[in-house]
Amino acid sequence: MEFKNIILEKDGNIGIVKFNRPKALNALNSETLKELDNVIDLMEKDNEIYAVILTGEGKAFIAGADISEMEGLNALEGRAFGILGNKVFRRLETLDKPVIAAINGFALGGGCELSMACDIRIASVKAKFGQPEVGLGITPGFGGTQRLARLVGECKAKELIFTANIIKAEEAFNIGLINKVVEPEVLMEEAMNMAKQICSNAPVAVKLCKEAINKGMQMDIDSALNYESEAFGMCFSTYDQKEGMKAFLEKRDKNFKNM
Ligand code: CAA
């Protein structure tokens, strides 16, 4: 499928999604959000894709939601735009395969929010993060008020959102917003290496781990541990559990089949 603002590639079991509107620093307009929704459909249906990488073309990952599109919106239209972004980002967050954000540059507003809907964030030293919305007279609208506090704690989230400060990758790493900071020339290599490492494990088990962590984080500890036991038990109905354990005992390489 061809897209106007997104380039979709596949490398082995890895789906690579590149935001490709570099003249507007990959700002998210509703057209791009709808394209991303379609990309998620493709990723979801493709059983050969075990992990996904998101990145941006040019000097930005994503410099936010598209300000020129938002400028003239009325309240109902603004709400609909927020609902669209939240719906698409939530689909990514709950996609049944891990998603890595390879953050090459600006990740501001909706860009920072998109990265937070991913499972892992690897950033170039050139990347910059922030939620500058209040400076535009709006609140973060694609999950920023919710996911930032959950990731870095209420204290830092409030500081970042109220001040609209832009921080460097190193500070983002120090406050626990991202997993890793690397040199720009090795960013994709690092993301690919991590994706390959994830793909070498049993995809069903990885998928169940993602679900258990995401759902468990919203539950009380007893319900969460019950959920974990169910996921753990379910693994024993899979081919990959038999194969993984057999291969270990027979001291040979494993051959997972995602089933
Ligand atoms: N929306 C629309 N266009 C954008 C954009 C955005 N978020 N960010 C950048 N652009 C456009 C610029 O208007 C400019 O277009 P022209 O060449 O046609 O003038 C082009 O991208 C290049 O940008 P700059 O010339 O500004 O590049 P710079 O290197 O000087 O500055 C920057 C880079 C600091 C990221 C600056 O572009 C900037 O501050 N951008 C806006 C960041 C922002 O406020 N993001 C939050 C948006 S609101 C939001 O995301 C709401 C939400 O939560 C859903």
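The values are calculated or read from the model by the stated rules, or taken from the named source; none is laboratory data. Here the structure is a predicted model, which is why all the values come from computation and not from measurement. Cβ sites come from the backbone with ideal geometry, for glycine too, and all protein chains shown count toward neighbours. Ligands, DNA and RNA are stripped out before the accessible areas are found, and what is left, the full protein with its side chains, is counted by its heavy atoms. Shrake-Rupley method; radii C 1.70, N 1.55, O 1.52, S 1.80 Å.
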Worksheet item: Within the range 152-163, can one find any residue that is among the hydroxyl-bearing types (Ser, Thr, Tyr) and in a strand (DSSP E or B)?
Response: no
Item to complete: Filter the range 125-135 down to the residues that are within 10 Å of the ligand (Cβ to nearest atom) and touching a Gly at 6+ places or on another chain (Cβ under 8 Å), then identify the one that is farthest from ALA172 (Cα to Cα).
Response: GLU133
Discussion item. It is to be established whether one or more residues within the range 97-118 are polar (S, T, N, Q) and either farther than 29 Å from VAL186 by Cβ or more than 16 Å from the ligand (Cβ to nearest atom) (or both).
Written reply: no
Worksheet item: Quick one: would you say ALA60 is near the ligand (Cβ under 7 Å from one of its atoms) and either buried (at least 24 other Cβ atoms within 10 Å of the Cβ) or not assigned by TED's automatic domain parsing to the domain that holds ALA27 (or both)?
Response: yes
Item to complete: Scan the range 140-173 for residues that are closer than 17 Å to ALA123 by Cα and either of a type in the set (D, E, K, R) or loosely packed, with under 14 Cβ neighbours inside 10 Å (or both) and jot them down.
Response: LYS168, GLU170, GLU171
Worksheet item: If you check ILE198, ILE161, ILE166, which single one turns out to be under 30 Å from ASN74 (Cβ atoms) and in contact (Cβ under 8 Å) with a residue 40 or more places away in the chain?
Response: ILE166
Practice prompt. Taking LYS210 as the residue in question, decide whether it is of a type outside the set (Gly, Ala, Ser), open to solvent by 20 Å² or more (accessible area, probe 1.4 Å) and in the same structural domain as PHE232 (by TED's automatic domain parsing).
Written response: yes
Worksheet item: Within the set of pairs 6+ apart or on separate chains, which have a first residue in the range 67-94 that is more than 21 Å from LEU54 (Cα to Cα), a second that is among the aliphatic types (A, V, I, L, M) and more than 10 Å from the ligand (Cβ to nearest atom), and C-beta atoms under 7 Å apart?
Response: PHE81/LEU73
Practice prompt. Mind listing whichever residues of the range 218-250 are over 28 Å from the mean Cα position of the chain (by Cα) and open to solvent by less than 30 Å² (accessible area, probe 1.4 Å)?
Written response: GLU243, ALA247
Worksheet item: Has the range 214-227 got any residue that is within 19 Å of ILE122 (Cβ to Cβ) and assigned to a helix (DSSP H, G or I)?
Response: no
Item to complete: Within the range 174-195, count every residue that is free of Cβ contacts under 8 Å to residues at least 24 places away in the same chain and open to solvent by less than 70 Å² (accessible area, probe 1.4 Å).
Response: 2
